[in-house]
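Novice: One structure follows; several queries about it will come next.
The values are calculated or read from the model by the stated rules, or taken from the named source; none is laboratory data. Owing to the predicted nature of the structure, the values given are computational and were not obtained by experimental measurement. Cβ placement follows ideal geometry from the backbone for every residue including glycine, while neighbour counts extend to all protein chains displayed.
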Amino acid sequence: MHPNEPKRSALTDYPTGICSSQPTVTAVIPVYNEIEHIARVVDALLAQDYPALTAIWFVDGQSDDGTYAVLQQLQKRDPRIQILTNSRRTQATALNLAFAQAKTDIVIRLDGHAHYAPSVIRCSVQALLATGAGGVGAIARPVPAATLIGQSIVAAHTSKLGVGAAQFRQEAAKGWVDTVWNGCYWRHVVEQVGPFREDLPRTEDNDFHARVRALGYGLYLSPEIQAFYYPRQSLWALWRQYMSNGIGIAQTLFTNRQAISLRHLAPAALVLSLILDLALAFLWPPAWFVFAVGALVYLAAVLSFTVIAWRKEPGLYVFFLPWVFATLHFSYGFGTLRGFLQKH
């Protein structure tokens with residue numbers, strides 16, 4: 001289903017026919033080793049200005065850094081806070097565990113590695129009621145970093161050469177989209193879509209949203225929903241994250257092609273073309289020219305988008321930005337190729 005096509009209304013399909021003007025909400029937060037952020041997340045959820053937030057469920061993946069103990073202490077602050085244990089530790093398992101037990105009209109998935117304005121739940125519910133969408137989400141706004149490496153990673157997350165090509169990462173984006181971040185869904189839509197795929201540990205949301213769209217429901221991106229996430233703060237952490245993401249993309253491609261777009265495969269195409277050109281060059285010397293042209297085109301793109309980032313926000317971080325771009329592209333590309341090989 002194309003984002004601009006007419007949408008099936010989740011309000012029309014509401015089980016009792018008439019939806020309350022203040023539907024009840026369960027917030028679900030999968031966590032694992034979030035000791036640095038967990039108290040802040042709890043504070044943000046308890047500060048929500050939506051009165052019908054009736055359940056706040058943390059699904060802990062057997063954290064070993066003290067997160068679980070802190071949650072137990074914080075649980076005493078409000079009876080809505082409950083802790084579920086997720087022995088398999090994947091996001092999909094955590095969401096399935098909580099969504100299956102939720103009894104509210106709406107369920108919202110939140111990230112433990114993020115920060116939320118007091119209006120997040122209210123604005124999410126308002127967007128669902130105003131649009132009739134099956135699910136809504138926020139723009140993924142990165143929290144500013146203190147170090148130059150961290151600042152360059154933030155810049156790459158908002159650049160269209162980095163990971164800013166996704167609509168939910170673009171500050172000015174709004175409207176019907178293919179996928180959302182921090183999805184907020186009608187529970188009756190979730191029941192129709194079915195559980196998250198637990199064999200897709202990194203791209204379960206892409207697959208889930210493709211199935212939402214396949215049922216005719218729309219996904220709506222609302223800039224009024226104010227949510228902020230904490231990007232990785234080192235190149236090594238970024239490499240591991242996007243290597244895993246790339247593997248997940250390959251796994252998803254084999255199971256639900258509607259969940260993947262061409263932009264997801266671009267890094268793999270870049271890495272594969274450079275590898276093949278380099279290998280061919282050792283057998284056929286003229287191929288060195290092809291390899292050099294490909295490498296120079298990529299370098300020109302990286303430098304061009306680095307200049308664009310500097311013009312948008314000047315700073316010394318730009319000296320690290322080319323390395324961040326390369327880390328993102330090559331980790332994601334190698335991860336995707338590794339995922340393909342694991343399937344064969």
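Residues checked against (1) within 18 Å of the chain's Cα centre (by Cα); (2) in the same structural domain as ALA166 (by TED's automatic domain parsing); (3) of a type in the set (A, V, I, L, M):
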residue: ALA250; (1), (2), (3): yes, no, yes
residue: PHE254; (1), (2), (3): no, no, no
residue: SER261; (1), (2), (3): yes, no, no
residue: LEU265; (1), (2), (3): yes, no, yes
residue: LEU272; (1), (2), (3): no, no, yes
residue: ALA281; (1), (2), (3): no, no, yes
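Novice: Scan segment 294-318 residue by residue and report those that are within 18 Å of ALA268 (Cα to Cα) and either surrounded by fewer than 12 Cβ atoms within 10 Å (Cβ to Cβ) or charged (D, E, K, R) (or both).
Specialist: Result: LEU296, VAL297.
Novice: Looking at segment 34-52, can you tell me whether even one residue there is small (Gly, Ala, Ser), more than 20 Å from the chain's Cα centre (by Cα), assigned to a helix (DSSP H, G or I) and in the same structural domain as TRP176 (by TED's automatic domain parsing)?
Specialist: So far as segment 34-52 goes, yes, one or more of its residues are small (Gly, Ala, Ser), more than 20 Å from the chain's Cα centre (by Cα), assigned to a helix (DSSP H, G or I) and in the same structural domain as TRP176 (by TED's automatic domain parsing).
Novice: Pick from segment 47-73 the residues that are in contact (Cβ under 8 Å) with a residue 24 or more places away in the chain and aliphatic (A, V, I, L, M): which of them is nearest to SER87 (Cα to Cα)?
Specialist: If we take residues in segment 47-73 being in contact (Cβ under 8 Å) with a residue 24 or more places away in the chain and aliphatic (A, V, I, L, M), then VAL59 is nearest to SER87 (Cα to Cα).
This table checks each residue for (1) within 28 Å of LEU219 (Cα to Cα); (2) touching a strand residue (DSSP E or B) at 6+ places or on another chain (Cβ under 7 Å).
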| residue | (1), (2) |
| --- | --- |
| PRO15 | yes, no |
| PRO23 | yes, yes |
| VAL28 | yes, yes |
| ASP60 | yes, yes |
| ASP64 | no, no |
| LEU71 | no, yes |
| LYS76 | no, no |
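Novice: Residue check: is GLY150 over 18 Å from PHE325 (Cβ atoms), in the same structural domain as GLY216 (by TED's automatic domain parsing) and either free of Cβ contacts under 8 Å to residues at least 60 places away in the same chain or surrounded by 18 or more Cβ atoms within 10 Å (Cβ to Cβ) (or both)?
Specialist: No; evaluated as a whole, the condition is false for this residue.
Novice: Mind checking which residues of segment 195-226 are surrounded by fewer than 24 Cβ atoms within 10 Å (Cβ to Cβ) and of a type in the set (Lys, Arg)?
Specialist: Within segment 195-226, ARG197, ARG202, ARG211 meet the criteria.
Novice: Same structure again: What number of residues within segment 310-330 are touching a Pro at 6+ places or on another chain (Cβ under 8 Å) and within 17 Å of GLY150 (Cβ to Cβ)?
Specialist: Matching residues across segment 310-330 total 1.
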